[in-house]
Amino acid sequence: MEKLALSTKDLAQANYEALAKLFPGAVTEAIGQDGKAVRAIDADALAQEINTHVVKGQEERYSFTWPDKKRAALAANSPIRAALRPCREESLDFDGTENLYIEGDNLDVLKLLRETYLGRVKMIYIDPPYNTGNDFVYEDDFAEDAQEFLERDCQYDGGGNRMVRNLDTSGRFHTDWLNMVYPRLRVARDLLSDDGVIFISIDDNEVENLKKVCNEVFGAVNFVAQIVWQTATDNNPTQIAIEHEYVICYAKRINCQGIWEIPSDKGKIIQKKYEALLSEHGNQPELIQTALKKWIRQLANSGDLSGVSHYSYVDDKGVYYPGNSANTKPGGYTYDIIHPVTNKVCQKPQYGYRWTKETFNHANTIGNVQWGGDEKTIPKIKKRLDTATEKFKSYYYEDNRATSAHLKLLFDGKVVFNNPKSINFLMKAFRFVTSENDIILDFFSGSATTAHAVMQLNAEDGGRRRYIMVQLPEACAEGSEAAKAGFKNICEIGKERIRRAGKKIAESLAAQQPYENRPPKTESCPDIGFRVLKLDSSNMKDVYFKPQDFTVEMLDGLTDNIKEGRTAEDLLFQTMLELGLPLSSRITKRDIGGAEVFCVSGPGTENCLMACFERAGREAVAGIARSEPRPHYAVFRDSSFASDAELVNYGQIFSAYSPKTIRRVI
């Protein structure tokens with residue numbers, strides 16, 4: 001059986017190997033600074049291979065750079081040895097939920113998620129620390145050389161020492177912020193599906209630099225829009241009152257994006273008013289239309305019905321507006337339309353009709369044509385209110401004091417987090433971008449507004465969107481309201497918000513069912529649970545990764561390659577990451593031949609993985625091999641087998657009963 005690597009991929013090495021495979025003639029060797037031979041790419045040979053100009057040296061070219069940019073790229077590509085350890089006691093509905101809350105440095109977490117969630121995330125929303133001179137930024141270590149960087153585990157310590165203030169008196173004010181955001185965006189891009197998008201909140205301090213970084217990471221051609229988010233906070237009280245922030249949006253592949261339109265919420269307001277008038281006046285279209293037009297004019301003046309105020313006509317089928325049938329430029333459709341009363345050919349538009357004759361005939365059949373009094377009026381097709389849509393506009397307004405008040409109310413009047421993001425804005429974005437089963441990622445989770453918005457939207461439209469929250473357990477400031485309320489770090493605030501918001505959602509949807517820690521899964525109750533995972537060092541001792549560094553004398557004291565204190569479930573989740581199984585997969589336990597066996601269901605597949613991390617006798621191994629359906633993967637621990645001979649025998653059992661099962665050992 002092969003051993004699992006239990007380490008993220010070295011993308012720099014993978015990129016080199018891909019280039020070497022495409023252009024072997026460009027691969028060469030050189031002498032490094034230490035006098036040893038190193039791999040190299042011959043730029044002249046590569047230029048000949050691709051038949052284009054290669055910019056090198058001091059030659060002028062367009063570029064966006066900053067100190068340490070090369071090392072920031074190295075931070076994105078370098079491998080790490082780490083694990084995500086499950087924490088059942090802090091989770092809610094651990095065995096039933098498909099949502100994830102992950103504590104730890106988001107760069108390391110993103111690397112661990114990269115292979116498993118490669119191309120699976122539909123939308124990313126992040127609200128990274130703004131570079132105001134006071135906010136915290138993530139401090140990645142750029143002081144060490146490349147080899148030291150590759151050797152270290154990239155872990156933050158228990159005191160959160162990788163979080164430092166980026167003072168505006170520093171000569172590296174922009175550099176430090178760019179070094180923080182660049183590698184994280186590089187890794188995050190890999191997680192997006194081809195039709196995926198990312199939304200990033202930012203303010204004036206770094207919006208230009210952020211766009212340049214995103215142009216490089218996602219490609220300038222994939223820029224979607226820059227949304228202006230007006231708030232009520234004055235961020236510059238001494239000169240011009242700045243009361244806005246930005247949300248910039250990029251697509252993974254812009255040509256994979258459709259038209260972002262959703263049913264109009266304002267149209268629903270008109271429909272509700274129409275139904276009230278219908279109830280009041282009965283089926284009297286002319287009377288209802290007069291009352292509806294008057295009501296719309298009153299609201300339209302305040303802007304409350306902008307975009308749909310023209311839906312003010314009524315017939316016996318409901319509300320509509322008569323759409324223009326005339327094409328606005330040459331090239332329209334030309335055909336005869338006979339007026340139903342005069343039986344004469346109706347007047348034709350100058351440039352023809354914008355609809356085909358088949359479309360017009362169908363509209364006429366179902367009563368969706370508005371005729372003039374005679375043939376001198378061009379007939380129009382009625383656009384029904386239920387077809388009204390709205391587009392995502394580049395301007396959004398919401399008083400940020402209202403969002404703060406909402407969170408304060410949720411926490412019984414305590415201000416546990418300053419300036420939370422808007423649930424309403426995020427729900428709006430999710431409606432336009434995501435479908436009912438999509439994954440939404442936020443790796444600067446903060447107070448977990450994204451998780452709250454996902455649950456709320458699922459409750460409203462019946463979706464089954466899943467979220468992945470990632471947050472560094474940054475300590476709450478001593479003496480702060482959060483600390484006084486008993487919260488040690490931001491993660492505790494985020495998890496408690498999800499619990500409280502989920503409880504409120506469940507109670508409002510199913511008041512007849514008492515809320516429990518594991519609410520019943522019903523059509524009306526969305527997934528309000530979350531599975532907590534915490535970033536930690538690898539479950540494996542160094543001997544697993546560096547056997548060459550251990551002597552025989554040292555090995556005599558190592559009876560196991562697993563670190564003390566690590567559980568079988570810890571090993572299971574590290575195995576799931578290694579094999580590319582979603583961390584939200586359903587997990588069950590079975591007793592097979594006297595051994596505890598974990599059974600993990602992959603997407604639409606039972607027994608995708610069966611893992612045994614204790615002593616496995618012949619009956620246990622044979623039982624796993626014979627399981628129905630046959631497991632795709634079977635993973636054992638080194639200590640599951642008494643000897644190499646026993647390992648070989650068990651391999652033969654699988655060859656006999658389940659030859660297609662991929663066997664691995666840790």
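Rg/Rh for segment 269-327 stands at 0.99; both radii use Cα atoms, and Rh follows the Kirkwood definition. Residues in segment 437-454 carry Karplus couplings, in order, of 10, 7, 9, 10, 10, 9, 9, 10, 5, x, 7, 6, 4, 4, 4, 4, 5, 4 Hz; the curve used is 6.51 cos²θ - 1.76 cosθ + 1.60 with θ = phi - 60°, and Gly or Pro positions show x. Annotation: the residues Glu280, Glu606, sorted from fewest to most other C-beta atoms within 10 Å of their own C-beta, follow the order Glu280, Glu606. Orientation-averaged projection of segment 263-385 equals 8.6 nm² [convex hull of Cα atoms, one quarter of hull surface area].
Close amide-amide hydrogen proximity is noted between Glu398 and Gln230, each under 5 Å apart and 5 or more residues distant or on a separate chain (H modeled in the peptide plane; Pro and chain starts excluded). Here the 3J(HN,Hα) profile of segment 338-355, calculated from phi with Karplus coefficients 6.51, -1.76 and 1.60 at θ = phi - 60°, is 8, 5, x, 9, 7, 6, 10, 5, 5, 4, 9, x, 4, 9, x, 7, 7, 10 Hz, Gly and Pro shown as x. For the peptides 526-535, 417-426, 608-617, 591-600, the ranking by mean Cβ contacts within 10 Å, running from highest to lowest, is 526-535, 608-617, 417-426, 591-600. The slack between Cys256 and Arg401, meaning 0.36 nm per residue of separation minus the straight C-alpha distance, is 48.5 nm. Taking amide H atoms as placed 1.01 Å from N in the peptide plane, the amide H of Arg466 lies under 5 Å from those of Asp438, Ile439, Ile440, each 5 or more residues away in sequence or on another chain.
At the listed q of 0.16, 0.17, 0.24 Å⁻¹, the Debye profile of segment 201-290, built from one uniform point per Cα, gives log10 I(q)/I(0) equal to -0.79, -0.83, -1.14.
Across segment 221-232, computed HN-Hα scalar couplings (Karplus, 6.51 cos²θ - 1.76 cosθ + 1.60, θ = phi - 60°) run 5, 9, 5, 9, 5, 10, 8, 8, 10, 7, 10, 10 Hz from first to last residue, x flagging Gly and Pro.
The amide H of Gly196, built 1.01 Å from its N in the peptide plane, has Lys252, Arg253 as neighbours under 5 Å, considering only residues 5 or more places off or on other chains.
Scoring 180-188, 209-217 by mean Cβ neighbours within 10 Å over their residues and listing the highest first yields 180-188, 209-217.
Using the Cβ of Pro349 as centre and a radius below 12 Å, the other residues enclosed give a net charge of +4, where K and R count +1 and D and E count -1.
P(r) tail, segment 550-666: Cα-Cα pairs separated by more than 16 Å, 59% of all pairs. Each Cα pair under 8 Å and six or more residues apart adds its sequence gap; the mean of these over the residue count of segment 374-497 is a relative contact order of 23 percent.
Fraction of C-alpha pairs exceeding 16 angstrom in segment 84-131: 55 percent, rounded to a whole number.
Hydrodynamic radius of segment 370-413 by the Kirkwood approach over all distinct alpha-carbon pairs: 15.6 Å.
Throughout, read-outs are computed from the coordinates displayed, never taken from laboratory work. No experiment lies behind these values; they were computed from the predicted model shown. Here Cβ is always computed from backbone atoms with ideal geometry, including for glycine, and neighbour counts include all displayed protein chains.
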